[in-house]
Amino acid sequence: MSDATATLNIEETAPRSAPPDPRLAGPAGVLIIDDEAAIRDSLETLLTMEGFQVTTAVDGASGIEQLAQREFDLVLLDLSLPGESGMELLPKILEMHPGMPVIMITAFGTVANVVEAIRAGAENFVQKPWDNEKLLADIRAAVARKRAEEEVVQLKRTLKQRYNFENIIGKSDPMLRLFDLVAQVAPSRSTVLIQGESGTGKELIAKALHANSPRRDKPFVPVNTGAVPSDLLESTLFGHVKGAFTSAVAAKKGLFEVANGGTLFLDEIGTMSMDMQAKILRVLQDRRFMHLGGTQEIQVDVRIIAATNVDLQVAVREGRFREDLFYRLNVICLELPPLRARRQDIPLLAAHFLKMYADENGTAVPSLAPDAMRILMDYEWPGNVRELENAMERGVVLATSSAITPDLLPASLTGNNYSATLLDHRPDASLFDLMEEIERRIIADRLERCHWNQTEAAEYFKIPLSTLNQKIKRLNVEIKKRGRE
């Protein structure tokens, strides 16, 4: 392996964007199905003035005929129609066009009607006479959700065909440049170092490198080195012989052997002890190692992909990371952009997570209210894509209507602060008590965003892990089981 380092900058390669789907361009198409001419005319005038492309139908049969002839972004459906009612027509529309937003309109909006329509798959329910601004806001939100979902599907299909990427979403220039670099680097056997802030998707990029390499049919083995206690990490990576330590009642293979012929992904490599770094360096140099407690050398053919959210060059200067290991790992370096540097991808990612968690929970996919989307676009996202995913999961679980409004977003996004809430609820508390409670909530909030990874939280707070553990115990911070990485 050469010691030469090829650091690839995502600014150096021109993006190759996918051709746009014609269905996603131009004015949104709305189909109005209502038997009252005055209602049809009023809605058509309102929507046409707002730039929508409007088609009308007087009953269910003509509405179905229109839906068979062309694509629409949304249907406004009257509940009371001659012949088939709106409730009878709704499942037929959704069978023809799954995911089509349908807003029901009626003069008799009972609670039972609303519940039945929403359960049947309606996007929303509007009662006559309607408020023009609210109706337009509901329509815009529903159309935006549908188009974002369609764009996600098209983007995934394009990335799958071109790059063989799974579950990676992005159309911004930084991501398109990164995709081209991943496709270029993947076929080689060179070691790759992936750098980026926590929550940017480093493991997804590592999987893409593996999937596009000649090793794709061999194992991809990820290990979060920061989550494994240092005294167990050597055994985890290299395996051990029977009796190597007190609890070693049987011999066990390490992850280097499990990954033989494939790829070993070492996440959070910047947290490794200096002693462990020396052992990793030897494997990179010789492709040989010994089981813990063993005497026989084992040869493996493993591609190493490492990832870190810390600046390893700074760690080298501070004596926390071996310089020779850094250069061995840094043969090819890929920099992942933070979410705030790729804001164009936020609506696509939000749509993807909303659908994913709605499917998991067996609920209808909610849309994002325009003011909620503005909050997402303006937020700085210190937790990156993972923080956005958590916010969308929360919105799906808490939503009681078809739209996610700002009050359903985490307080960290909306600017609601801890101190104001505490002062309202604990007017007799001392300053010391209030400060402890604020600290407790801040730590719990950060741990939740890090999926309860205490090492990652300590790095975010720029304090030793031992200090964070002491605070967790002193403040009685509840630690939950770690979730999705």
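What's the local net charge at Pro214, with K and R +1, D and E -1, over the other residues with C-beta under 10 Å away? Write out the running numbers ahead of the final one.
Working: positive: Arg189, Arg215, Arg216, Lys218, Arg303; negative: Asp217.
Charge balance in the 10 Å sphere: +4.
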- request: Treating cross-link reach as a plain straight distance, find the lysines whose alpha-carbon is under 27 Å from the alpha-carbon of Lys473, omitting any fewer than eight places away in the same chain.
  value: Lys462, Lys481
message: I'd like the distance between the alpha-carbon centres of region 234-270 and region 132-206, rounded to an integer number of Å.
response: 34
- prompt: Ordered by residue, what ³J(HN,Hα) values in Hz, to whole numbers, does region 175-184 give under the Karplus form 6.51 cos²θ - 1.76 cosθ + 1.60, where θ = phi - 60° and Gly and Pro are x?
  reply: 6, 5, 5, 5, 4, 4, 5, 4, 4, 6
- line: Footprinting proxy, His352, His451: sorted fewest to most Cβ within 10 Å, the residues are His451, His352
message: Quick one: 3J(HN,Hα) in Hz for region 334-341, Karplus 6.51/-1.76/1.60 with θ = phi - 60°, rounded, Gly and Pro as x.
response: 10, 9, 8, x, x, 4, 5, 8
query: Roughly how tilted is helix 202-211, in degrees to the nearest 10 and between 0 and 90, from the longest Cα axis of the chain?
result: 80
query: Given Cα pairs under 8 Å that are at least 6 residues apart, what percent is the relative contact order of the chain?
result: 14
query: By average Cβ neighbour count within 10 Å, what is the ranking of 432-440, 393-401 from highest down?
result: 393-401, 432-440
field: Amide proton proximity set for Leu334, modelled H, under 5 Å, gap of 5+
entry: Leu193, Ile194, Gln195
query: Among all the lysines, which ones have a C-alpha under 29 Å from Lys128's C-alpha, if same-chain residues fewer than 8 places away are not counted?
result: Lys92, Lys146
message: Run the reach check for Lys218 against lysines, Cα to Cα strictly under 21 Å, same-chain hits fewer than 8 apart removed. What comes back?
response: Lys160, Lys202, Lys207, Lys252, Lys253
- prompt: What's the exposure ranking of Lys134, Lys355, Lys471, Lys92, going from fewest to most Cβ atoms within 10 Å?
  reply: Lys134, Lys92, Lys471, Lys355
Neighbour-count ranking [beta-carbon atoms within 10 angstrom, fewest first] of Asp267, Asp301: Asp301, Asp267
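Using mean Cβ contacts within 10 Å as the protection proxy, how do 190-199, 357-366 order, highest first?
Values: 190-199: 21.3, 357-366: 15.5.
The packing order, highest mean first, is 190-199, 357-366.
Throughout, read-outs are computed from the coordinates displayed, never taken from laboratory work. Please read these numbers as outputs of a predicted model, since none were measured by experiment. Positions of Cβ are generated from backbone atoms using ideal geometry, with glycine treated the same way; all protein chains shown enter the neighbour counts.
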